[in-house]
1. So, R0 is 56 Å and r is the distance between the beta-carbons of ASP483 and SER304; what FRET efficiency does that work out to, to 0.05?
2. Which helices, counted as full DSSP H runs in the chain, have an axial Cα extent of no less than 15 Å and a Kyte-Doolittle average of 1.6 or above?
3. Between ALA397 and ARG238, what length comes free when the chain is fully extended (0.36 nm per residue of separation minus the Cα-Cα distance, one decimal in nm)?
4. Can you send over the carbon and sulfur percentage of the accessible area for the chain, probe radius 1.4 Å, protein chains only?
5. Roughly how many nanometres apart are two label points built 7 Å out from the Cα toward the Cβ at LEU143 and PHE364?
6. How do the peptides 113-124, 498-509, 454-465 rank, highest first, by the average count of neighbouring beta carbon atoms within 10 Å per residue?
7. Compute the normalised compactness of the chain: alpha-carbon radius of gyration over 2.2 N^0.38 Å, N being the residue count.
8. To the nearest 20 Debye, how big is the dipole of segment 213-295 about its Cα centre, given +1 on the beta carbon of each Lys and Arg and -1 on that of each Asp and Glu?
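The values are calculated or read from the model by the stated rules, or taken from the named source; none is laboratory data. Keep in mind that this is a model prediction, so the values were computed, not measured. Positions of Cβ are backbone-derived with ideal geometry, glycine not excepted, and every protein chain shown enters the neighbour counts. Protein only, heavy atoms only, side chains kept; ligands, DNA and RNA dropped before computing areas. Shrake-Rupley method; radii C 1.70, N 1.55, O 1.52, S 1.80 Å.
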Amino acid sequence: MGVVVGRVLLVCFAFGALVQAVQAQEVDVGDLHERYLRLLQLSGDAPMRSFSNRPLIERDDLAPEDGDTGPWGLVRPQAIVGCEGCDLVIRPTSTGIRLFNNSHHPVNGLDGAVWQGKGLTTAIDFGASLEWRGLRLSFAPSLIWTQNSSFELAPVEVGGQSVFGYPWRPIDLPQRFGASSFSRLDAGQSEFRVSGFGMTGGFGTRNLWWGPGVRSGILMGNNAGGFPHAFLGTRGPRSIGIGTVEANWIWGSLAQSKYFDLPASSDDRYLTGLVVSFAPSFLHGLHVGFARVFYGWVPPDGVSVGDRFLVFQGIRKERLQSGGNPTGDDERDQIVSLFGRWVLPESGFEVYVEWVRNDHPLDFLDILLEPEHSQGYTLGLQKAVSLAGGRRLALQAELTHLEREATFQVRASPVYYAHHIVLQGYTHRGEVIGAGIGPGGIQQFVGVELYEPWGKAGALLQRRVTDNDAYYDWAADNGRPFDKHDVSIDLGVHGAYFAGDVELSGAFTYTRQLNRYFFGPKVDNFNVRLSLRWMPS
């Protein structure tokens, strides 16, 4: 990893010496303004972007051409420290505090490095960015404290695993992070970046989101904290004549939690991934693309040069077959994604889909016979309605499905985010990097949001199924009950209010969980979130 970062850094400084001044406001993954920018696209009030390769680093380019940003004043100038005619600019990042509280048990949320245990959790965000010509250095850490109160744990069925570990299979996904409160300083959305000639590269720990989903990013999302990674890609959409392309290629490292006790060949894992999206000029509003991620243990002698280019490896297992490996299994795990998003501004409507596969096909015949093998998917849509006074209404629906398909009856079928060799799975510091519903999960969501000059208000209804793959194994060992799926029903409201440079936001979600741990009772959880953020302008 260090060699990769060093090479990228060398390229960055050489690159930066040639570029002209590039200073653009950016929008982090999960920011309230990110969702509003997407809504502006649906209304035809902002240029098209795929929203499948985030964070958005070209916020200025996304502003409506006529300067009308709607009720939120989205692209108001940020406060800077500099001088007229100078290339050097310092921008304070948004500073604030986030509070979370759960009454009964922990929940997964789109909150990055924060793990919401039972009781109170706090996160203090601060920092600043320094920009000089095409170089940008951002220091934006989070100081996190979690009360982590006790609650009933499921019995761990994996031999040798911690009592706090995941109950159903080997994966670094603790039920609870120890028996007491804890705190840590996370690097957060910190990053070094250099941009020029339509490209950008660097390294950092910012959260990434790949794919068009709003509630779930199957390959990359902000369910976990950002992991250290180097990157090289396009700076916004780049024209290739017949359309535009966005791309990002990363090399990173993953850390395990303190509560994964199974013996492993290595505690260190590496990750490499690529995402590319294409918008044809002859079909306005359409974006299609693919993404691919590999992760594995770091060998004793380090990651080889060839492994850094795994994303370009062929997709067929037959090339890996040998006398000692007749099935063509790979020591690393990989996920492939194909996605599309079509925005119809005339109708204020978008529809999107992501289809993923968690296992190499043996050959092309295998693809034809069982294309559903090891598949997962997200389907979603959103409708924007423009109201009087610049107000906007958004109606949303999304389904994500990561349960095994029926092919597991005749062939080995991997579980999403878990792996039989890389036992920690697709996790970073004990949280799934992709969709928060986790292994074998299903999520159905509907929501409504109203954007007003003073802020926003919204409501949601959601159904979540916890690890259906584990449920069917458990049911087979316990008399095959058909009515013991672990299902949670969420009903929530949320809102935000702007007072000058201050943003106050909050959410309340009531959850009724049926059959907790399959055998458990019905339980209720009340989740409260409050955030106070200062965004100097």
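1. Step by step, r from the Cβ atoms, then E = 0.65.
2. 2-16
3. Full-extension gain reported as 54.2 nm.
4. 62
5. Each label point is offset 7 Å from its Cα along the Cβ direction, giving 6.0 nm.
6. 113-124, 454-465, 498-509
7. Against the empirical 2.2 N^0.38 Å value, I get 0.95 for the chain.
8. Dipole about the Cα centre, nearest 20: 240 debye.
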